[in-house]
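**Student:** My questions will all concern the structure given below.
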Amino acid sequence: MKGKLIAWLLAAVLIVSCLTAALAEEDKFGPIYDDWSEKTDDELYEAAKAEGGELTVYATSSKMLKAEEKFEEAYPGIDLVIYDLDQDEVLSKCKVEAETGNITADVLQAKDVNGDVFFDFYEEGYCSAFYPKDICEHIDPELLKYGYPLYASQSFWYYNTEAFPDGSPVNNWWQIIEKDENGNQKYRLFTKEIGQETAYLSLFASFIVNADQMAAAYEAAYGEPLEYTYDASSFEFPVPENNAGVEYLWRFSQMKMTFIGDGDELVLAVHNSTADDPALALASGGKIGNRDESGYNIAWCTGMAPYTGLENCEYMYVVEGSDSPAGARLFIRFITGGADGKSGGLKPFQKEGNWAVRDDVESDWNPATLEECGAIEGDLQAIYGVYLDTQDMWTYWLAKNPNM
């Protein structure tokens, strides 16, 4: 009887331990509200002035610079300095400043498409998310899981509207890599080097995570189950068997591609293509601006199966150890629209290819919602888990591409 009681107690302890660990795991995801979350703009403004009135933002978008004057007009006495940096610079400077104790930045803007910001910087304590409760009530809770979003975007395949006046020639990812009866590609493909572009590689990693959807998309397109042809024996890590996302990665890696690092040049390649020699290019949604600014014959391929792309968010973070914690939060509220969405902070980011995440701010500068375009919310935790393996597979297979 005593032995059974001990066994029962041990089992109970194990169950409690597992539940505690699971709860702790959930506790790290947002939205996480604290005393700051309840403070109004006026309360934060008064506190920001008491902090000294100086505020530094490390941003990954030059459009953030357009908010400087408007913010200082709205909050006299606050001196705002914005640095336009790339993503790696923002994160590396934040890390170096924290490790040296010489913290300059108060606010960071960064995109997190594969979970590395959340799991490698946020969890390590270099920065934290501020969740203003009144504004968060207007944002899908799923979009608050990995941080506080500024706006959302996605990548698209572009096609030439003059070559295909009736609309996109493809509506399925498998069609992009189709070959004709002679084994020739149907489309010339232009993209940034997938393995070196975090957003694009994260998208391919999501196909591995969502392998069932990729398999279903193949069968829907061709009326028969997918045949698996990849060889995983060369890798030192376990590669899932019969995974449609891995199969797509393998097949795509063996296509003839042209890598171009500049997004404007990617869509220019599509503009210069013809119906007899058609091209598709993978680029950020914002490159659609070349249609109006430069007269390019380009459009997005939307409604792709199993999904067009990932809903990628730009996030705002408060730097840990900031000398202006109230000012940092005041700026984050301002840049994301303020209490009513009308602060003016969002205006520089309101262009076709960017979408507001607040339900009280309409993205009427876009022809459709992200969901209507075919975007899904990415599971950053799952993508983070397969990202590096995806990169290794891509790099290895690309080196074996006879067309490159």
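**Student:** Quick check on this structure: which one of Val90, Val107 is touching a strand residue (DSSP E or B) at 6+ places or on another chain (Cβ under 7 Å) and closer than 22 Å to Leu388 by Cβ?
**Tutor:** After applying the criteria, what remains is Val90.
**Student:** So, one more: Of all residues in the stretch 306-340, which are assigned to a strand (DSSP E or B), more than 19 Å from the chain's Cα centre (by Cα) and either over 18 Å from Ala47 (Cα atoms) or modelled with pLDDT under 95 (or both)?
**Tutor:** None - no residue of the stretch 306-340 is assigned to a strand (DSSP E or B), more than 19 Å from the chain's Cα centre (by Cα) and either over 18 Å from Ala47 (Cα atoms) or modelled with pLDDT under 95 (or both), so the list stays empty.
**Student:** Applying the selection to the stretch 180-193, what residues are modelled with pLDDT of 95 or more and either more than 23 Å from Asp389 (Cβ to Cβ) or surrounded by 23 or more Cβ atoms within 10 Å (Cβ to Cβ) (or both)?
**Tutor:** Gln185, Lys186, Tyr187, Arg188, Leu189, Phe190
**Student:** Can you go through Ala220, Ala215, Ala211 and tell me which one is in contact with a strand residue (DSSP E or B) (Cβ under 7 Å, 6 or more places away or on another chain), over 30 Å from Leu268 (Cβ atoms) and surrounded by 11 or more Cβ atoms within 10 Å (Cβ to Cβ)?
**Tutor:** Matching residue, one of Ala220, Ala215, Ala211: Ala220.
**Student:** Another question, then. So which of Met404, Met393 ends up being aliphatic (A, V, I, L, M), surrounded by 23 or more Cβ atoms within 10 Å (Cβ to Cβ) and over 20 Å from Ser62 (Cα atoms)?
**Tutor:** Sole residue among the options that is aliphatic (A, V, I, L, M), surrounded by 23 or more Cβ atoms within 10 Å (Cβ to Cβ) and over 20 Å from Ser62 (Cα atoms): Met393.
**Student:** Taking Phe237 as meeting all but one of (1) of a type outside the set (Ser, Thr, Tyr); (2) in contact with a helix residue (DSSP H, G or I) (Cβ under 6 Å, 6 or more places away or on another chain); (3) under 23 Å from Cys301 (Cα atoms), write down the number of the exception.
**Tutor:** The single condition Phe237 does not satisfy is (3).
**Student:** Another one. Among the listed residues Glu193, Glu142, Glu181, identify the single one that is closer than 22 Å to Trp250 by Cα, acidic (Asp, Glu) and under 24 Å from the mean Cα position of the chain (by Cα).
**Tutor:** Step by step, each of Glu193, Glu142, Glu181 is checked, and only Glu193 is closer than 22 Å to Trp250 by Cα, acidic (Asp, Glu) and under 24 Å from the mean Cα position of the chain (by Cα).
**Student:** Let me ask something else. Can you give me the number of residues within the stretch 241-272 that are charged (D, E, K, R) and closer than 23 Å to Phe207 by Cβ?
**Tutor:** 4
**Student:** Sticking with this structure for a sec: Quick one: is Gly353 under 25 Å from His138 (Cβ atoms), in the same structural domain as Glu38 (by TED's automatic domain parsing), more than 20 Å from the chain's Cα centre (by Cα) and not basic (Lys, Arg)?
**Tutor:** No.
**Student:** Taking the condition of being surrounded by 20 or more Cβ atoms within 10 Å (Cβ to Cβ) and either without any contact (Cβ under 8 Å) to a residue 24 or more places away in the chain or part of a helix (DSSP H, G or I) (or both), how many residues in the stretch 124-135 meet it?
**Tutor:** 1
The values are calculated or read from the model by the stated rules, or taken from the named source; none is laboratory data. If you're wondering where the values come from, they're calculated on a predicted model, not measured in any experiment. Please note: Cβ atoms are built from the backbone with ideal geometry, for glycine as well, and neighbour counts cover all protein chains shown.
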